[in-house]
Amino acid sequence: MQSDDEHKGLIEAALFMSSEPLTIEQLSKITGVNSLGYVKGKLLELRNEYQNRGIHVAETPEGWLFRVDRKHTDKVASLTPYADIPEGQKRTLALIAYKEPIAQSEIIKIQGNKSYSYIKALIRRGLVKSERHKRTRMLSLTQEFERYFGADKNRIREQMIEKFRKISSNAGAEKQGIQPEAHETESLL
């Protein structure tokens with residue numbers, strides 16, 4: 001039988017190893033503990049232990065994970081730039097950031113039907129919000145986007161526009177008024 005410290009250590013290891021947030025149910029299975037309240041208690045203990053460190057245990061709409069403390073994000077972000085966001089979601093997020101607010105139908109037109117799942121995932125992560133607008137949905141960035149990327153969304157948008165101008169000028173697209181295609185947005189985030 002495992003001790004409380006062993007359970008907490010296993011939860012800590014799972015959070016460290018996972019590239020995605022983990023739910024209490026997933027952590028319960030990993031630890032072999034059936035009490036969700038017990039698992040949540042161990043998560044809260046870990047959160048308290050990591051309170052004044054470079055990383056902390058955070059609860060998101062998707063589950064629990066380790067996050068870099070905000071005051072350190074700018075200095076260490078280049079070491080693993082947004083590795084926990086799959087490429088398709090990055091392209092979708094780049095389009096939303098570039099053209100916010102943007103109709104979901106426009107993203108689907110640019111990137112195809114796979115974008116529906118990317119958009120759902122970004123909404124679940126809390127990076128994007130969706131509001132009904134006529135026969136489509138309008139997508140925009142959230143405060144969580146700013147927190148996650150460690151910068152004001154307007155500053156990020158300006159950086160993305162500058163990168164897009166470089167991409168566009170290389171292809172001559174800017175003079176022709178061509179909007180970014182999915183492959184061109186890959187390097188924006």
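The values are calculated or read from the model by the stated rules, or taken from the named source; none is laboratory data. As the structure is a computational prediction, the values presented were derived from the model and not from experiment. So basically every Cβ, Gly included, is an ideal-geometry build from the backbone, and we count neighbours across all protein chains shown.
Under 8 Å between Cβ atoms, at least 6 apart or on separate chains: pull out the pairs that start in the stretch 53-70 with a residue that is within 17 Å of LEU22 (Cβ to Cβ) and at pLDDT 85 or above and end on any residue that is surrounded by fewer than 18 Cβ atoms within 10 Å (Cβ to Cβ) and among the small types (Gly, Ala, Ser).
Once the first residue is within 17 Å of LEU22 (Cβ to Cβ) and at pLDDT 85 or above and sits in the stretch 53-70, its partners that are surrounded by fewer than 18 Cβ atoms within 10 Å (Cβ to Cβ) and among the small types (Gly, Ala, Ser) give THR60/GLY126; TRP64/ALA58; LEU65/SER18; LEU65/ALA58; PHE66/ALA58; ARG67/ALA58.
Just to verify a result, which residue in the stretch 113-136, among those that are assigned to a loop (DSSP other than H, G, I, E, B), touching a residue at least 24 places away in the same chain (Cβ under 8 Å) and not basic (Lys, Arg), is surrounded by the fewest Cβ atoms within 10 Å (Cβ to Cβ)?
Among them, the one singled out is GLY126.
Please verify whether the stretch 79-94 includes one or more residues that are of a type in the set (Gly, Ala, Ser) and either part of a strand (DSSP E or B) or more than 16 Å from the chain's Cα centre (by Cα) (or both). Break it down stepwise before answering.
Let us first name the residues in the stretch 79-94 that are of a type in the set (Gly, Ala, Ser), namely 83, 88, 94.
Those still in the list that are either part of a strand (DSSP E or B) or more than 16 Å from the chain's Cα centre (by Cα) (or both) too: none.
No, that holds for no residue.
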